[in-house]
Amino acid sequence: MTMTYAGTTALITGASSGLGAEFAGQFAARGSNLVLVARRADRLEELAQDLRSRHGVTVTVLPMDLGRAGVGRELLGELSGRGITVDTLINNAGFGTHGPLVEEDPDTIASEISLNVAALVDITRAFLPGLLASGKGALLNVASTAAFQPIPGMAVYGATKAFVLSFTEAVAHETKSSGLNVLALCPGATRTEFFDVLGGESAAVGKMQTSAQVVGTALKALDRKDTPGSVVSGLANRVAAGFAQRLPRAITVAIAARAVQDW
């Protein structure tokens, strides 16, 4: 069964490019109104205008830096003040760093943890009561195949995504009788601006997927009557994640280190 999402509203963080922009396009195509959140106002406005003209949906743009304490309540208050109720929440905002921890900039990794973990939890908690009351949408948190094993060379990023996976699967179980579909999406390497921020594609493992392929995987999972707590995008990635969960931990760490280190 294909969900239409007509007459509902989806809040998408990190919506100015990559997976966030693709989620916006595919949800708009299914009739969902949108709230797009990211730092780059010009990119959001350009995307919003395109989606309004192509799909006839309402698109609200909120330029905002999400890496601050209390951002969930701030977002909820802003939307409540505009009379907007959110039925679907897609926590997509996040970034990664690459290099030995001893060489990482402390401020950068603090921002990485704030955005990838703290903001995601805060926004989820703020909007979860409304999502449960609506029962017409979903909660989707973007994790990563990096969640399935420690990654020397991307220690902080891998740990943040392991948190997102664990957190989301737990919330999925807590809410399993509610009718709300809760999903952790675990993409592998995806052709987005992620690797531009990271500093190059040396840390990319395996064949890259497109944003459309990854979002398509998520929507297929949400369309299922029994939406799983998590899904890995791409057959090769699913196989690799399965091996990572079954092999001895020391072996998976060594394999991950060889895959992403370039120093």
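No value in this document is a laboratory result; all are computed from the given coordinates. What you are looking at is a predicted structure, and each value in this text was computed from that prediction instead of being measured. Positions of Cβ are backbone-derived with ideal geometry, glycine not excepted, and every protein chain shown enters the neighbour counts.
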### A162 vs. criteria in contact (Cβ under 8 Å) with a residue 12 or more places away in the chain and crowded, with 20+ Cβ neighbours inside 10 Å
no
### Message
With the requirement that a residue be over 13 Å from the mean Cα position of the chain (by Cα) and either crowded, with 24+ Cβ neighbours inside 10 Å or over 20 Å from T217 (Cα atoms) (or both), what does the stretch 17-31 give you?
### Response
F27, A28
### Query
For the stretch 80-115, what are the residues that are aliphatic (A, V, I, L, M) and surrounded by 20 or more Cβ atoms within 10 Å (Cβ to Cβ)?
V86, L89, I90, A93, L115
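Which residue, of L66, L62, is without any contact (Cβ under 8 Å) to a residue 40 or more places away in the chain and outside any helix (DSSP H, G or I)?
L62
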### From the options L34, L44, residue that is crowded, with 18+ Cβ neighbours inside 10 Å and outside any helix (DSSP H, G or I)
L34
### Message
I need the full set of residues from the stretch 69-79 which are surrounded by 14 or more Cβ atoms within 10 Å (Cβ to Cβ) and either aliphatic (A, V, I, L, M) or assigned to a loop (DSSP other than H, G, I, E, B) (or both), in order please.
### Response
V71, L75, L76, L79
### Task
Taking the options A10, A93, A28, A21, name whichever one is part of a helix (DSSP H, G or I) and touching a residue at least 40 places away in the same chain (Cβ under 8 Å).
A21
### Query
Restricting the search to the stretch 31-80, which residues are in contact with a Lys or Arg (Cβ under 8 Å, 6 or more places away or on another chain) and among the β-branched types (V, I, T)?
T58, V59, T60
### Task
Return yes when L51 is assigned to a helix (DSSP H, G or I), out of contact with any strand residue (DSSP E or B) (no Cβ under 6 Å at 6 or more places or on another chain) and surrounded by 15 or more Cβ atoms within 10 Å (Cβ to Cβ) and no when it is not.
no
